[in-house]
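Encoded as structure tokens, the structure appears first; notes follow it.
The values are calculated or read from the model by the stated rules, or taken from the named source; none is laboratory data. Just so it is clear, the model here is predicted, and its values are computed rather than measured. Cβ: placed from backbone, ideal geometry, glycine included. Neighbour counts: every protein chain shown.
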Amino acid sequence: MDKIIETKKRDNIVKIFSDGSISSVGSDMAIGSYAATVLLPGKEAPDIVFGSCSHTSISRMEILAINEGLNYVIGLIHTIGLLPGILEIEIFTDSQYFRDCATGEKDRLKNMDLWRAFDVLGKRFASITVNKIPRNSEPLQAESDRVAGICRVAIQETMRQTMQKIKEPLCPQPKA
């Protein structure tokens, strides 16, 4: 097992494996998606949070994946019987951008709305540790990558079908 994933068995560590996906880098019409695989203390099977949006960037999807993972954990705090202030979060991401900006090694110049949300969410936990890992090097991060990709493709197909219907005349002309 990778050294990053090995930790002492503690009942207050939540692990979040995240990934973002985007249809075309640099496009104003980019469709993005994200997924966060959340492993809660004492649970064998992880939970997956995912979603998508249009007119976005890969950096926004990477941040949103983690923010939504943190939101999910906050929503479950009472269910797992822990107070938020004692939970420690370990984030595993393949995004150098997220790691550098989250740890202060790089200035946050863009996506300030999402960074502010990250900072507010982070205050709900005892600590947050960000680990940069190679893409798909851990099974749960690879699962986030897979789910984000499926979500993006599904949204793209739905949008394509919708656009086709919009182009069809509302009142087709009768055939002669």
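Computed values, structure above
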item	result
Search result, residues across the range 147-163 that are more than 18 Å from the chain's Cα centre (by Cα), more than 12 Å from Cys53 (Cα to Cα) and among the hydrophobic types (A, V, I, L, M, F, W, C)	Met163
Close pairs from the range 18-29: first within 17 Å of Ala154 (Cβ to Cβ) and surrounded by 10 or more Cβ atoms within 10 Å (Cβ to Cβ), partner at pLDDT 85 or above and among the acidic types (Asp, Glu), Cβ under 6 Å, at least 6 apart	Gly20/Glu62
Long-range neighbours under 9 Å by Cβ, at least six apart or interchain, first residue among the basic types (Lys, Arg) within the range 133-145, second in a loop (DSSP other than H, G, I, E, B) and surrounded by 13 or more Cβ atoms within 10 Å (Cβ to Cβ)	Arg135/Asp94
Residue satisfying all of: in the range 51-71; of a type in the set (S, T, N, Q) and assigned to a strand (DSSP E or B); modelled with the highest pLDDT among these	Ser52
Scan of the range 83-94 for residues that are modelled with pLDDT of 90 or more and of a type outside the set (Asp, Glu), ordered by number	Ile89, Ile91, Phe92, Thr93
Scope the range 138-160; condition out of contact with any strand residue (DSSP E or B) (no Cβ under 7 Å at 6 or more places or on another chain) and at pLDDT 75 or above; matching residues	Pro139, Ala142, Arg146, Ile150, Val153, Ala154, Glu157, Thr158
Yes/no for Ala102 being touching a Ser or Thr at 6+ places or on another chain (Cβ under 6 Å), of a type in the set (Gly, Ala, Ser) and touching a residue at least 24 places away in the same chain (Cβ under 8 Å)	no
